[in-house]
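The values are calculated or read from the model by the stated rules, or taken from the named source; none is laboratory data. Note that the coordinates shown come from a computational prediction; the quantities given were computed from them, not determined experimentally. As a convention, Cβ positions derive from the backbone with ideal geometry for all residues, glycine included, and neighbour counts pool all protein chains shown.
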Amino acid sequence: MKEQREGLAPRTEDRPCADPEYRHGISYLAPLRYGPDFTHFAYTNPEAPKGGTMRIARMGTFDNYNGIVEIGRIPDGYGITEGFVYDRLLDASLDEPAAAYVRLADGVAVERDFRWTAFRIREGARWHDGRPVTREDVLYTFDAIREHGRVELQTALADLDRIVPFGDRELCFVTRAGRAPNPILPFVYGVMGILPRHHWMAHDISKTTTEPPPGSGPYRAEEANFGRTLTFRRVDDYWGRDLPVNRGRFNFDRLKYDYFRDENIMLEAQKADVVDVRQELTAKNWATAEFPAAEKGLVKAELRKGTRVWGLWWPVYWNLDQPRFRDIRVREALWLLYDFNYVNRVYFHGFFNQGVSLFQNSDMAHTGRPSARELALLERWREQIPDRVFTEPFRHPESDGYGFSRESTERALALFDEAGWHVREGRMVHKETGERFRVDFIFVLTSSARAILPFTARLEQVGIATTVRLLDVSHWLHRGRAGSFDATSVGFVPSYMPGPELEARFGSASADLGYGANWGRTRDPAVDSLTEAIKRARNAEELFAATRALDRVLMWNFYLLPGPSTPGMRLMYWDRFGEVRNDELSWVPYVETWWWDERKAARVSAGVAALEE
């Protein structure tokens, strides 16, 4: 693919944002799909009726409306990058790999070497309390994130030097001197929700809050049963309703989010018509979801594959701050004792694919032997990374799916022995210290805790002591962020602009930051170098070479236990809604693009009444 980037301005060596050439959008891997005169995204219906309520099920809880701070759990809608309560400078399109169009800004310009990005703030934008949205709000937002934001937000903005106001309503985001070009920065700036300065000047933005702050977006909080339910009401006079990026979106008068602590209870709530839409997290429930409303077609259960990176489904991360997991031979030995085929057959009903790549289901995933471009990135690290990185793709050992492989077990025990561990009187102990080898697993999903049991049984068979604890969300988050665990599973789905996410998840710097996203405490200079190459990639060829090289290094170092990869989004919903069906989207935007369909809703009501007779 040729280098294609739109929205780039000429080089200006000494004067940041001098004479910016504003455009309606920016792209990274391909030309913009939509021109400057586009009226709406192709996956929306600009004639969609407004009205009705969508009731959405979510796992977990919430205790905070401040979306930038590290502590607390925020509800859907108040995430700093979501775009429901807060407007963003740019909105990404879902039918392009990496493109964004103006929303709160009415123009964006990017210097050719990414030394600066200019935004022109749209006139007429206003907060829900009627005050105008100004560039001072934008300045305040980024200052607050850089000073008080959680680690991954600060990491994403590490290359930002300063923001300079100019003109009447323009802002210049200037990159730090000496930094290599970073094509992702304009997108990072663009997706941050803009916060109301006038509200937070009277409140402490470094603290959690139980008071919903005002926004400027299409929805505002209406009613809450704190921690359990949250209802949003559509803003009738939303200033941005007719913008091209918004037409046909945000159609429901109300959005009600119900939070659950158990996947099975969430399923029962849907059966009882308490919630409309949810994503099924448990393979067993998906495979056995046979109830009258589903059998009559009133509830749909659909696997939507989409074009997104599906990656690995909640892989297990080893905590490398625990000395016994720092030895690659130990991590490989643990991997050899895991039989995915057995777990998939018995616990997941054959639903999942075997995970072999952090970027599974995308061009970013590695295949075959490394290409010349990959080797150019890998060669300098040859002495520090596994030989298999250079010779073969990551693959799992052969398995018949019955939970035991003599060959894998013998190889695992040999690796443990090389690393200083052996079995004595039925217990795996260190040869010199006599320390018992143990693994304490913590999980937040019931399905993950159940699915790990065959693995822990195998570990026990070779003398390794194990515990499995199912924690509530707050306890799990605290222990994961604080590094108080041996192993845990964490969801992570990379985007097509994965640099900042990978830096936060696997970067050495983030491993030493309290309460960061690098739960595995990975500290690997090769990983850091390849992540930097991903951030600096100027075109698809450079990006894919860097992600594939990183993929090989992470997988062959066994920093995580791959487990399954999902083949798509498992969506279950009461068939009351209309949508523009498009299977080429990165994901299914049911909350923001579906609408209430009176005819379908009447059919469902009649069907439910018939079932109750």
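Taken together, the residues in the range 464-485 that are assigned to a loop (DSSP other than H, G, I, E, B) and buried (at least 18 other Cβ atoms within 10 Å of the Cβ) amount to 3. With respect to the stated conditions, residue 243 is more than 24 Å from the chain's Cα centre (by Cα) and more than 30 Å from residue 522 (Cα to Cα).
Only residues that are surrounded by fewer than 20 Cβ atoms within 10 Å (Cβ to Cβ) and either within 15 Å of residue 305 (Cα to Cα) or not assigned by TED's automatic domain parsing to the domain that holds residue 600 (or both) were counted across the range 566-587, and they come to 10.
Taken over the range 43-68, the criterion of being among the polar types (S, T, N, Q) and assigned to a loop (DSSP other than H, G, I, E, B) is satisfied by 44, 45, 61, 64, 66. Residues that are surrounded by 20 or more Cβ atoms within 10 Å (Cβ to Cβ), modelled with pLDDT under 95 and among the aliphatic types (A, V, I, L, M) occur at least once in the range 25-45.
Please verify whether residue 545 is part of a helix (DSSP H, G or I), of a type in the set (A, V, I, L, M) and either assigned by TED's automatic domain parsing to the domain that holds residue 183 or modelled with pLDDT of 95 or more (or both), treating the condition exactly as stated. Criteria met by residue 545. Against the test of being part of a loop (DSSP other than H, G, I, E, B), of a type in the set (A, V, I, L, M, F, W, C), surrounded by fewer than 23 Cβ atoms within 10 Å (Cβ to Cβ) and in contact with a helix residue (DSSP H, G or I) (Cβ under 6 Å, 6 or more places away or on another chain), the options 180, 158 yield a single qualifying residue, 180.
Against the definition (farther than 30 Å from residue 464 by Cα, in contact (Cβ under 8 Å) with a residue 12 or more places away in the chain and out of contact with any Asp or Glu (no Cβ under 8 Å at 6 or more places or on another chain)), how does residue 315 come out, yes or no? No.
Residue by residue, here is whether (1) closer than 13 Å to residue 172 by Cβ; (2) modelled with pLDDT of 95 or more; (3) charged (D, E, K, R) holds:
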| site | (1), (2), (3) |
| --- | --- |
| 85 | no, yes, no |
| 93 | no, yes, no |
| 100 | no, yes, no |
| 106 | no, yes, yes |
| 122 | no, yes, yes |
| 130 | no, yes, no |
| 138 | yes, yes, no |
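Of the helices (runs of 4 or more DSSP H) contained entirely in the range 329-440, those carrying at least 1 residues that are acidic (Asp, Glu) and at pLDDT below 95 fall at 406-418.
A single entry from 88, 146, 122 fulfils the requirement of being basic (Lys, Arg), within 18 Å of residue 194 (Cβ to Cβ) and crowded, with 20+ Cβ neighbours inside 10 Å: 88.
Out of all the residues in the range 520-534, which are within 19 Å of the chain's Cα centre (by Cα) and crowded, with 23+ Cβ neighbours inside 10 Å? Within the range 520-534, 520, 531, 534 qualify. Would you confirm whether or not the range 478-497 contains a residue that is more than 20 Å from residue 559 (Cα to Cα) and without any contact (Cβ under 8 Å) to a residue 60 or more places away in the chain? For the range 478-497, residues more than 20 Å from residue 559 (Cα to Cα) and without any contact (Cβ under 8 Å) to a residue 60 or more places away in the chain: present.
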